[in-house]
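Student: Questions regarding the structure given below will be posed in turn.
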Amino acid sequence: HEAILKTVLGDFYSQDKHYGSAYLGDQRFDSDATVDVISPNDGQHLLSISHAKPDVIQQVIASAKAEFYHWRSVPAPQRGELVRLFADKARTAKHQLATIISLEAGKPFQESLGEVQELIDVCDFAVGLSRQLYGLTIATERPNHRMMEQWHPIGPVVIITAFNFPMAVWGWNAAISLICGNPIIWKPSSQTPLCGLACHQLLLSAIKEFGANPELSSIVFGEKPQVEQLVDHKDIALVSATGSCAMGRAVNCRVAARMGRTLLELGGNNAMIVCPSADLELAIRAITFSALGTSGQRCTTLRRLIVHSSLKHQVLTKLEAIYKTVSIGDPFDSSNLMGPLVNQQAIDTMKASINTAISQGGKLITGGQQISNLDNKGKSEHGFYITPAIIDIDPSAEIVQQETFAPLLYVHSYDSLEQALAIQNGVSQGLSSAIFTKDMMEAEIFVSARGSDCGLVNVNIGTSGAEIGGAFGGEKDTGGGRESGSDAWKAYMRRMTNTINYGSELPLAQGISFDM
Ligand code: NAD
């Protein structure tokens with residue numbers, strides 16, 4: 001894979017596998033302490049990065065702010081042209097980019113290709129959107145007046161991303177931020193720094209071709225201290241954070257303290273209801289992809305299956321057979337449907353959740369065995385593979401409240417739709433949900449105000465695999481943010497209401513008289 005890295009990373013490529021701590025445009029910064037990145041696929045050392053120092057972060061923010069004063073005045077359709085140039089480059093490099101995702105995140109290559117396609121799709125969407133960004137004209141009560149709404153660029157945007165969608169989530173934020181007139185500063189997951197550098201490099205090459213300032217885009221490596229410095233800064237107009245609920249809560253409190261703006265895309269605890277009228281074959285296929293895709297490491301992964309009691313035995317038998325035979329292994333081998341988990345900690349967390357579930361009355365149907373051999377220090381030298389697990393458990397067990405970011409599926413049964421909905425909505429997260437039914441009334445209730453309380457609500461498809469045209473995000477502890485399609489762009493702009501008087505009188509609103 002070195003040849004691919006060399007091609008995509010260009011000047012950023014390091015033969016000695018030591019990468020910088022921050023890249024301000026094309027300027028690289030380093031710091032002393034290094035952090036190793038381990039491949040989930042084989043447990044081997046992939047590369048090292050360092051964490052950005054405070055003065056470098058300060059410089060990155062100052063440069064983004066300075067560049068904002070220029071970029072905000074470039075007409076939006078021209079800003080769209082930059083995103084189009086980037087999308088062209090991403091199209092050409094699709095296979096190389098997907099390789100880097102599979103290398104660092106352990107995602108099966110087919111799914112990595114899908115992720116890069118999502119990055120390209122959102123860019124295409126943003127290019128069209130750059131000719132819209134529309135406001136309203138609103139009827140005014142005053143004669144010879146006009147009232148209208150405009151949307152203006154907001155300022156530098158910090159984008160914090162998780163390991164599991166290391167390119168697409170940046171793409172959702174970067175493409176829309178750029179057309180909206182905002183410079184971007186990216187803090188990628190420390191597990192996927194090369195995914196970050198590859199996208200940053202492609203964007204820089206588009207920026208140069210376009211003739212804009214490279215400081216429009218920067219990347220900062222780090223963890224809590226670096227994130228805190230970034231999000232605390234008053235010159236950061238928007239913090240768009242994707243990751244666990246714990247991270248989002250911490251970031252949200254800090255940004256709220258300075259009256260800043262956040263866009264939060266946090267953890268899910270997604271459920272599917274399988275009704276008596278469901279097309280079972282379709283449902284089983286949807287369950288399989290939703291629960292096992294990306295080895296259970298999607299924010300929309302199916303975690304809770306709520307099956308009508310008349311079907312439970314049948315569904316469990318079918319799923320058990322699939323779970324026992326699903327092909328697990330090297331994500332670059334197309335015969336494998338599941339790759340590794342991201343690290344040993346993810347495996348340990350999954351095993352701990354299984355034990356807790358059993359102690360809370362759950363019955364392990366299958367799975368939960370680590371596949372690789374551990375050395376005598378407990379480290380994996382062969383990657384972080386585990387068999388996917390199913391647990392039959394009562395929905396009142398406390399463990400099901402929690403998102404375990406692994407292929408662990410809890411199965412519950414229900415007797416009435418009201419009961420199923422109460423189970424489905426009875427968790428603190430609210431990202432994705434699905435129902436399988438041929439009964440029109442059940443489907444309509446599910447998508448109605450008294451149905452699912454999630455941001456993504458599907459009928460006869462699984463919980464994962466959203467398209468970029470819709471607004472993506474969830475309610476409650478998932479953070480309430482919406483990204484990608486529909487009118488999610490409004491979060492990246494400031495709204496201005498204008499009232500213009502083209503008469504020679506000064507009538508006051510609400511008929512107030514103030515004559516001197
Ligand atoms: P994570 O929360 O550990 O990390 C996400 C990002 O936040 C990383 O860049 C990380 O370096 C940073 N971070 C982590 N802890 C932090 C802290 N205390 N202070 C400041 N920054 C911190 O998440 P992960 O393990 O990389 O990804 C999995 C999680 O992300 C899951 O909960 C998943 O559901 C969620 N996720 C949500 C969406 C969505 O759109 N809703 C998409 C992808 C992933």
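Student: Please compute P(r) over all alpha-carbon pairs of the stretch 258-376, binned at 5 Å starting from zero, and give each bin as a whole-number percent.
Tutor: 2, 9, 15, 21, 20, 14, 9, 5, 3, 2, 1
Student: Rounded to the nearest 0.05, what FRET efficiency is calculated for I138 and S513 with R0 set to 30 Å and r the Cβ-Cβ distance?
Tutor: Values: r = 24 Å, r/R0 = 0.80.
Calculated value: 0.80.
Student: Also, I was wondering about something else. Under 5 Å between amide hydrogens, which residues at least 5 positions from A22 or on another chain qualify, with H placed 1.01 Å from N in the peptide plane?
Tutor: Correct list: F29, F221.
Student: Can you give the alpha-carbon Rg of the stretch 71-146 over 2.2 N^0.38 Å, where N counts its residues? Kindly include the intermediate steps, with their values, before the conclusion.
Tutor: Details: Rg = 19.3 Å, N = 76, 2.2 N^0.38 = 11.4 Å.
Cα-based Rg divided by the globular estimate yields 1.69.
Student: Gap in Å between the Cα centre of the stretch 179-256 and the Cα centre of the stretch 287-334?
Tutor: Rounded to whole Å, the Cα centres lie 34 Å apart.
Student: Once you have the alpha carbon radius of gyration of the stretch 182-222, what is it after dividing by 2.2 N^0.38 Å, with N set to its residue count? The partial results should precede the final answer.
Tutor: On the way: Rg = 10.4 Å, N = 41, 2.2 N^0.38 = 9.0 Å.
The value comes to 1.16.
Student: Using a Förster distance of 41 Å, how high is the FRET efficiency between V447 and T499, based on the Cβ-Cβ distance and rounded to 0.05? Can you show the working numbers first?
Tutor: Values: r = 39 Å, r/R0 = 0.94.
Once the sixth-power term is evaluated, E becomes 0.60.
Student: Give me the dipole magnitude in Debye, nearest 20, for the chain about the Cα centre, with unit charges on the beta carbon: positive for Lys and Arg, negative for Asp and Glu. Don't jump to the answer; show the numbers that get you there.
Tutor: Working: 41 positive and 52 negative charges, 106 e Å.
Dipole about the Cα centre, nearest 20: 520 debye.
Student: Follow-up question, since we're still on this one. If you add up the charges near L264, with Lys and Arg at +1 and Asp and Glu at -1, over every other residue whose beta carbon is less than 14 angstrom from its beta carbon, what do you get?
Tutor: On the way: positive: R249, R254, R261, K476, R482; negative: E265, E475, D477, E483.
Here the charged neighbours net out to +1.
Student: Cα centroid distance between the stretch 55-99 and the stretch 470-500, in Å?
Tutor: 20 Å
Student: Fully extended, how many nm does the chain gain between D16 and E281 (0.36 nm per residue separation, minus their Cα-Cα distance)? Intermediate results must be reported in sequence, preceding the final value.
Tutor: Details: separation 265, 0.36 × 265 = 95.40 nm, distance 5.07 nm.
Full extension of this stretch gives 90.3 nm more.
Student: From Cα pairs below 8 angstrom and at least 6 apart in sequence, can you work out the relative contact order of the chain, rounded to a whole percent?
Tutor: Details: 1161 pairs, mean separation 91.8, N = 516.
About 18 percent, as a whole number.
Student: Using only alpha carbon positions, build the gyration tensor of the stretch 431-512, then give the equivalent ellipsoid semi-axes as the square roots of 5 times its eigenvalues, largest first, whole angstrom. It would help to have the intermediate numbers written out before the result.
Tutor: Working: eigenvalues 334, 60, 27 Å².
Three semi-axes, in Å: 41, 17, 12.
Student: Using Cβ counts within 10 Å as a stand-in for footprinting exposure, how do M493, M441, M247 rank, fewest first? Could the numbers behind the result be given before it?
Tutor: Working: M493 23, M441 9, M247 18.
So the residues, fewest neighbours to most, are M441, M247, M493.
Student: Also, I was wondering about something else. Determine, for L364, L133, the number of other Cβ atoms within 10 Å of each Cβ, and report the residues in order from fewest to most.
Tutor: Details: L364 15, L133 21.
The fewest-first ordering by Cβ neighbours comes to L364, L133.
Student: Another one. Taking each full run of DSSP H in the chain as one helix, which ones are at least 27 Å long along their axis (Cα atoms) and have mean Kyte-Doolittle hydropathy of at least 0.5? List each step's numbers first, then the result.
Tutor: Working: long enough: 109-129 (30 Å, 0.59).
Helix filter hits for the chain: 109-129.
Student: A follow-up question, please. Any idea what diffusion coefficient the chain gets from Stokes-Einstein, in µm²/s, Kirkwood Rh on alpha carbon pairs, 4 °C, 1.567 mPa s?
Tutor: Translational diffusion coefficient: 54 µm²/s.
Student: State log₁₀ I(q)/I(0) for the stretch 273-325 at q = 0.26, 0.28 Å⁻¹ as given by the Debye formula over alpha-carbon point scatterers of equal weight, solvent excluded.
Tutor: Summing over Cα pairs of the stretch 273-325 leads to -1.10, -1.22.
Student: Now for a different question. Using the Cα atoms of the stretch 342-470, I'd like the radius of gyration and the largest Cα-Cα distance, Dmax, both in angstrom.
Tutor: Using the Cα atoms of the stretch 342-470, the pair Rg, Dmax is 17.4, 58 Å.
Student: Here is a further query. Dimensions of the stretch 316-407 along principal axes (Cα, Å, largest first)?
Tutor: On the principal axes, the stretch 316-407 reaches 39, 33, 19 Å in Cα extent.
Student: Still on this structure, I have one more. Checking the a/c ratio against 1.5 first, then a/b against b/c, what shape does the Cα gyration tensor give for the stretch 1-87?
Tutor: Working: a/c = 2.98, a/b = 1.53, b/c = 1.95.
In terms of gyration-tensor shape, oblate.
Student: Cα-based Rg of the stretch 15-166 per 2.2 N^0.38 Å, rounded to two decimals? Mind dumping the intermediate values first?
Tutor: Working: Rg = 20.8 Å, N = 152, 2.2 N^0.38 = 14.8 Å.
Output field value: 1.40.
Student: Oh, and also: List the lysines whose Cα lies under 19 Å from the Cα of K318, skipping any in the same chain that are fewer than 8 positions away.
Tutor: K363
Student: Per residue and in cubic angstrom, what volume does the convex hull of the Cα atoms of the stretch 217-323 have? Show your work: numbers first, answer last.
Tutor: Details: hull volume 15.8 nm³, N = 107.
In the stretch 217-323, the Cα convex hull volume per residue is 147 Å³.
Student: With the calculation restricted to Cα positions, what are the radius of gyration and Dmax of the stretch 144-246 in angstrom?
Tutor: Expressed in Å, the Cα Rg and Dmax of the stretch 144-246 come to 15.2, 59.
Student: Return the FRET efficiency for the residue pair S31, Q360: r is the Cβ-Cβ distance, R0 is 41 Å, and the value is rounded to the nearest 0.05. Mind showing how you got there, number by number?
Tutor: Working: r = 45 Å, r/R0 = 1.09.
The calculated FRET efficiency here is 0.35.
Student: Follow-up question, since we're still on this one. Mind listing the Cα extents of the stretch 140-196 along all three principal axes, in Å, largest one first?
Tutor: Its Cα atoms span 60, 17, 13 Å along the three principal axes.
Since every read-out is calculated from the coordinates, none of them should be taken as a lab result. Given the structure is predicted, the values throughout are model-derived calculations rather than measurements. Reconstructed Cβ throughout: ideal geometry from the backbone, glycine too, with neighbour counts over all protein chains shown.
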